[in-house]
Amino acid sequence: MSDIGYVRTEMLPEQEPPVSEVGAIGWVRHNLFSNWFNSLLTVLSLYFIFKVLAGLVPWVISPTWDSGSLAECREILHALGREGHYAGACWGVIHERWIQLIFGFYPEHLYWRPIAAFVLLGVALAPVLFSDKVPSKLLIFSALYPFIFPWLLWGGTIWAPVAALLGFVLGWAAFNAVSKAMSTLLGFIAGALVALIWWLVLSSYFVGAMDSIAAIGIEPVESRKFGGFMLSITIGVVAIACSLPLGIVLALGRQSDLLIVKYICVGFIEFIRGVPLITLLFVASTLLNLFLPPGTNFDIILRVLIMVTLFAAAYMAEVIRGGLAALPRGQYEGADSLGLNYWQSQRLIIMPQALKISIPGIVSTFIGVFKDTTLVSIIGLLDPLGLSNAIRADANWNGIVWELYGFIALLFFAFCFGMSRYSMYLERKLHTGHR
Amino acid sequence: MKKTVFLGAATVAGLAAGVAAAGTADDVKARGKLNCGVTTGLVGFAAPDANGEWKGFDVAVCRAVAAAVLGDANAVEFVPTTGKTRFTALASGEVDMLARNTTWTFSRDVDLKFEFVGVNYYDGQGFMVPKSLGVSSAKELDGATVCIQTGTTTELNLADFFRSNNISYEPVPIETNAEAQQQYLAGACDVYTTDASGLAATRATFENPGDHVLLPEIISKEPLGPLVRHGDNEWGDVVRWTLNALISAEEYGITSANIDEMAAGTDNPEINRILGTEGTLGEMLGLDNQWAMRAIKAGGNFGEIFAQNIGENTPIGLARGLNAQWTDGGLLYSPPFR
Amino acid sequence: MTTFSDPPKEQFRLSMLLYDTRYRSATIQVIALIGFMLLAAWIISNTIQNLEALGKPVEFGFFGEPASYDINQRLLEYTSRDTHLRAAFVGLLNTLVVAVLGCITATVLGVVIGVLRLSHNWIVARLMTVYVEMFRNVPVLLWIVFIMAILIETLPAPRAFRGDNPEASMVLGEAVAVTNRGVYVPEPLFSNSLGNIHLFGESSLRFDVSLDLMAILVVLGVSIWISNWIKHRADAIQEKTGDRPVTWWQRLGVVVVPLALLLALLGFHLGYPELKGFNFSGGTHLRNSLIALWLALSLYTAAFIAEIVRAGIMAISKGQSEAAAALGLRPNRIMSLVILPQALRVIIPPLISNYLNLTKNSSLAIAVGYMDITGTLGGITMNQTGRELECVLLLMLVYLSISLTISAIMNWYNESVKLKER
């Protein structure tokens, strides 16, 4: 025991960690140069970033905001001593045309209407998306919003959306009355028939009559005037909104025990998912009128809306099917054991949960559809990409390339990135709720 | 979630609005607007400006028809169509007429069942090459890369031309004129071929137009004209004679400047018939007697429209050439108003 | 209190169709079927009436007529005198080429980027995130035209290669020319070629099979089979004796020597591109439109695949990699032996739908003038003949069969790697 010469009895004071392990240097060492491979990657990445910025920044910084034509841009840059093909961007085209790129040919004094429509869209979606922060009474507004949205964009008499709404009310009333008196199935058929008869036959008389009594309305705008980003967003929003109920029906049909119904739904979904959107747009632009009664003719944007809706519905059905599949079996069995019938259990137990799980999927479907709206430029609609061609056909801007593409890409990016971030946030929020 | 009925409502609205009646002319009058199919954008012929207002040579024809039928040159809805969608748009009744530099061919007339009401521009397919290439004839283009616009007659003409001259080429199909121009300027193709008017218009906007030459060969006849559907002769007549009125107006010296003066009556009975001070030509068309006067007032006579949109004083700088009046050695020849 | 008893035997009444769950489903199905058939009949009768009014009866005769247009990229022999049907086949092959190339590149890129996104290197991980977000959030059509514009504007034109002191020169030892008309690479040539077999005579389906290629494939197949046999024998010896004979040189030799002999026999050499007249001639010409489309589709899809790969890797529990580390495996081997094989199971189903998307997105080829099936059948043919109904329906049918084939193949593969649950 005695050969221990020295025992330390008190703790050593804590030493500072080596300089190379903490602070900025430590961080750099750990995160950028931890071994030779990482160092190589870091150096390569830095070089790449430098190259891109060195090429891009001088081009972007170009005092051409006020120029009125490409030739003027060239003069401005020439005066600055900047020569060559990539001397600098010509921002004049964005300055002159950005409003057109966003609103298309929508009448200038009515810009407030699309703006209001999209702001209200946020309000209408709030109770669904931020259910914890917003009073649920707003849901009434959400239910009415689908009638307000087209009215704001297309304008016209207020009685048209009211008539459309009345169709639902009448259908619902018929359904209730008949299903109480007889069976749910008959009630369903009766409701659908009453609504259809109302929309197809009676509503036009109603609108005419009400219009002559009290002509309330706003200036109508034809869908031809739609263009630019407004067109993209309108197509995206309408397609998703219309495809949601259709997608629910298809998803339920696909899961159903009724063989014929199931195969019709599977066939539809797989067909739509198996062909590119562009072929469906060809159908919209060339064939849809052939499929409808002779003499029917509605304009191309409406036809595109129909085809994009069908397209989105097939994808929506798959998203909702995923939501349905993710629900634990016990939920279905629990609903059955309570003695609820099929529709009751769907309405009260299954759908609310399945839809909630599906929201991130629905958002990403929306992003997909929104991006795919650029395809309408191929059939001659003036979405941002189509407009960029039209703008380049203006003698002043003939020869402009990057500025327009860059601007359009930037707007799409901002929109889609925001949406995808939001959907990730939702996903996280929903996840915690389900564990 | 009952998210939307809009589809139902929209369909109803569409059905109510769109059920076509028998005559296009009546439809147009009932609608108060003329639906006119144009290109999605071609310099000088049709393009929207910053205010969304369409301008160009083809556009002017639409406006003249609208002025004749509806009395308002601005009562036109311009429907941009691509090479692919233009014929279906017309066949399905989405547009009432097409003024979209469309070549009058047998199969379009007979097989696709359209009626070309006349020719507003006599064109032909030509070639443009950079001067530095040192080519003086299209027959020297063996092995060249050629940019062509798809969806037009030009790609068929091109295939025939190279085949019959037994030389090879590499086609680069392109959707729009703007892209073709970009590829050509970057040297991705040696030659750009399309209608000579289009070539001249494109060249005019280059940074250095002098560095490029149009080859002397014109390899096809491209009579470009407005067209309507088969089977509605009344409407076809309206469009045809509006175009003829513009052409005759130039021949007889009726301009937008002196038209009011001339409308008071002149010694020339033909002018009087055109302007409606004599005879009942308008009524025969189902219009009033001032129809031609309004059409000419809308944008001037044929010569004025030409000069304003694509003529020598515009950046596009096309000479009249074949499109001069027959009295000046051109092909423009309107049948008499009698 | 409920007591169970047999349901009373009832006569069948009509109302049971509505109220009795046993019959109600049949009622609903019959109604659905009738509704569906009515809808179909309505559409068909409308179409027939409309077509009659237009004077365009449905007929496919135009497919036999000469197409009269040229196609630049053709894997089948084709001239403008060939039929529309043949043009459609040429287009179909072009679609398949870009789809297959795109799927391969997108997978490789996607896996690399997905793995790099999880890298510990901060700057690399960020760069990859930027890449993924940039490509995912901008429409693919925009990327296609954008990349096409970049290729056209930044690469040198062939005329820049001309002259004594050219602005641009060929790369890789004068073998490859990168121009803004595309990339010219050396092509394999055989001086003692065995020739071709012509199939299907002079019809629109005619097809040449290169005997050289066949011979190479046969020899390669046989060699690989022998090489596998050697491996199996080595396995068997290892099982028996515990020693594994060294076989790598045998296996390599079995593959390389016959192939080299065959190539020498056929007189294999490379044909280099050279500047002649307006263009490079000789060599294989990968056109700009193909490269732009291929690049855009693979970069775009790779961003999605990267996310799938990342999610797949993150789905593997941390215990797996810790256990592998405890066994003493190095990080690279952990990734390739433990993580990726397991992640594959999570990755494959969404991968299938991305392959499908890529194939469908290849229809955007018309934006850059790549003559795929949409460009030929759904583009020029439709436009020149005016037969929209026939062309569009056929086009949809073609895409539908491609999609169904891809998903069938991939589902079969998915089954084979799936965790076998017992």
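Just to confirm my filter: which helices (runs of 4 or more DSSP H) fall fully inside the range A:224-286 and include at least 1 residues that are within 15 Å of the chain's Cα centre (by Cα), among the small types (G, A, S) and within 13 Å of chain C (Cβ to nearest Cβ)? Hits in the range A:224-286: A:228-255. Without any contact (Cβ under 8 Å) to a residue 40 or more places away in the chain and either assigned to a loop (DSSP other than H, G, I, E, B) or buried (at least 21 other Cβ atoms within 10 Å of the Cβ) (or both), is that true of B:N51? In short, yes.
Yes/no per residue for (1) surrounded by 12 or more Cβ atoms within 10 Å (Cβ to Cβ); (2) touching a strand residue (DSSP E or B) at 6+ places or on another chain (Cβ under 8 Å); (3) modelled with pLDDT of 85 or more; (4) more than 26 Å from C:T79 (Cα to Cα):
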site	(1), (2), (3), (4)
C:I152	yes, yes, yes, yes
C:P156	yes, yes, yes, yes
C:R159	yes, no, no, yes
C:G201	no, no, no, no
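A quick yes/no check of all residues on (1) under 17 Å from A:L375 (Cα atoms); (2) modelled with pLDDT of 90 or more; (3) surrounded by fewer than 19 Cβ atoms within 10 Å (Cβ to Cβ):
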position: C:N332; (1), (2), (3): no, no, yes
position: C:L340; (1), (2), (3): no, no, yes
position: C:L344; (1), (2), (3): no, no, yes
position: C:N361; (1), (2), (3): yes, yes, no
position: C:L397; (1), (2), (3): no, yes, yes
position: C:S401; (1), (2), (3): no, yes, yes
position: C:I409; (1), (2), (3): no, no, yes
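Screening C:Y370 with (1) assigned to a helix (DSSP H, G or I); (2) within 14 Å of chain A (Cβ to nearest Cβ) gives one miss only, at (1). Would you say B:P315 is over 18 Å from the mean Cα position of the chain (by Cα), in a loop (DSSP other than H, G, I, E, B) and assigned by TED's automatic domain parsing to the domain that holds B:N258? Answer is yes for this residue.
One line per residue, one yes/no per condition, for (1) in contact with a Phe, Trp or Tyr (Cβ under 6 Å, 6 or more places away or on another chain); (2) part of a helix (DSSP H, G or I); (3) within 14 Å of C:L205 (Cβ to Cβ):
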{"position": "C:T79", "(1), (2), (3)": "no, no, no"}
{"position": "C:A87", "(1), (2), (3)": "no, yes, yes"}
{"position": "C:L92", "(1), (2), (3)": "no, yes, yes"}
{"position": "C:L96", "(1), (2), (3)": "no, yes, no"}
{"position": "C:T105", "(1), (2), (3)": "no, yes, no"}
{"position": "C:V112", "(1), (2), (3)": "no, yes, no"}
{"position": "C:S119", "(1), (2), (3)": "no, no, no"}
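Taken over the range A:60-110, the criterion of being small (G, A, S), assigned to a helix (DSSP H, G or I) and not assigned by TED's automatic domain parsing to the domain that holds A:T374 is satisfied by A:A71, A:A79.
Scanning for something away from chain B (no Cβ under 13 Å) and crowded, with 18+ Cβ neighbours inside 10 Å, does the range A:334-348 turn up at least one residue? Yes, the range A:334-348 has at least one match. For the range A:361-400, the set of residues classified as of a type outside the set (D, E) and facing chain B (nearest Cβ under 7 Å) consists of A:I379, A:G380, A:L382, A:G386, A:N389, A:A390, A:R392, A:A393, A:A395, A:N398, A:G399, listed by residue number.
Contact annotation: residue pairs with Cβ atoms under 9 Å, 6 or more positions apart or on different chains, pairing a residue in the range B:300-311 that is at positive phi with a partner that is part of a loop (DSSP other than H, G, I, E, B) and surrounded by fewer than 22 Cβ atoms within 10 Å (Cβ to Cβ), are B:G300/B:T255; B:G300/B:S256; B:G300/B:A257. Residue selection: B:G56 satisfies the criterion of being in contact (Cβ under 8 Å) with a residue 24 or more places away in the chain, surrounded by 24 or more Cβ atoms within 10 Å (Cβ to Cβ), within 12 Å of chain A (Cβ to nearest Cβ) and under 28 Å from A:P107 (Cα atoms). If you go through the range A:30-45 and keep only what is outside any loop (DSSP other than H, G, I, E, B) and out of contact with any helix residue (DSSP H, G or I) (no Cβ under 6 Å at 6 or more places or on another chain), you end up with A:H30, A:W36, A:F37, A:N38, A:S39, A:L40, A:V43, A:L44. Among the conditions (1) more than 11 Å from chain B (Cβ to nearest Cβ); (2) part of a helix (DSSP H, G or I), the only one that A:A160 does not satisfy is (1). Among what's in the range B:32-46 and is part of a strand (DSSP E or B) and more than 12 Å from the chain's Cα centre (by Cα), pick the residue that is surrounded by the fewest Cβ atoms within 10 Å (Cβ to Cβ). It comes out as B:N35. Checked against the criterion of being assigned by TED's automatic domain parsing to the domain that holds B:D195 and either touching a Gly at 6+ places or on another chain (Cβ under 6 Å) or more than 30 Å from A:L280 (Cβ to Cβ) (or both), the candidates B:P80, B:P130 yield just one match: B:P130. The single condition among (1) within 18 Å of A:W402 (Cα to Cα); (2) among the aromatic types (F, W, Y); (3) assigned to a helix (DSSP H, G or I) that A:F48 does not satisfy is (1). Taking the range B:227-287 as the region of interest, none of the helices (runs of 4 or more DSSP H) fully inside it holds 1 or more residues being hydroxyl-bearing (S, T, Y), free of Cβ contacts under 8 Å to residues at least 24 places away in the same chain and under 30 Å from B:T102 (Cβ atoms). Inspection of the range C:114-135 finds no residue satisfying the criterion of being buried (at least 17 other Cβ atoms within 10 Å of the Cβ) and within 14 Å of chain B (Cβ to nearest Cβ). Within the range A:99-117, the residues that satisfy the criterion of being surrounded by 14 or more Cβ atoms within 10 Å (Cβ to Cβ) and of a type in the set (F, W, Y) are A:F103, A:F105, A:Y106, A:Y111.
Close contacts from the range C:374-399, counting a first residue that is farther than 21 Å from B:D111 by Cβ and a second that is part of a helix (DSSP H, G or I) and among the charged types (D, E, K, R), with Cβ to Cβ under 8 Å and a gap of 6+ residues or different chains, come to C:Y399/C:K360. Mind checking which pairs have a first residue in the range A:112-125 that is closer than 16 Å to A:P150 by Cβ and a second that is surrounded by 13 or more Cβ atoms within 10 Å (Cβ to Cβ) and among the β-branched types (V, I, T), Cβ under 7 Å, 6 or more apart or different chains? Hits for this filter: A:F118/A:I233; A:L120/A:I148; A:L121/A:V237. For the range B:131-140, name all the residues that are in contact with a helix residue (DSSP H, G or I) (Cβ under 8 Å, 6 or more places away or on another chain) and surrounded by 19 or more Cβ atoms within 10 Å (Cβ to Cβ). Correct list: B:A138 only. Taking the listed residues B:T202, B:T194, the one that is at pLDDT below 85 and either more than 8 Å from chain C (Cβ to nearest Cβ) or assigned to a loop (DSSP other than H, G, I, E, B) (or both) is B:T202, with no other qualifying.
The values are calculated or read from the model by the stated rules, or taken from the named source; none is laboratory data. Quick caveat, the model's predicted, so the values are computed rather than measured. Methodologically, a virtual Cβ is constructed for each residue, glycine included, from the backbone with ideal geometry; neighbour enumeration extends over all protein chains shown.
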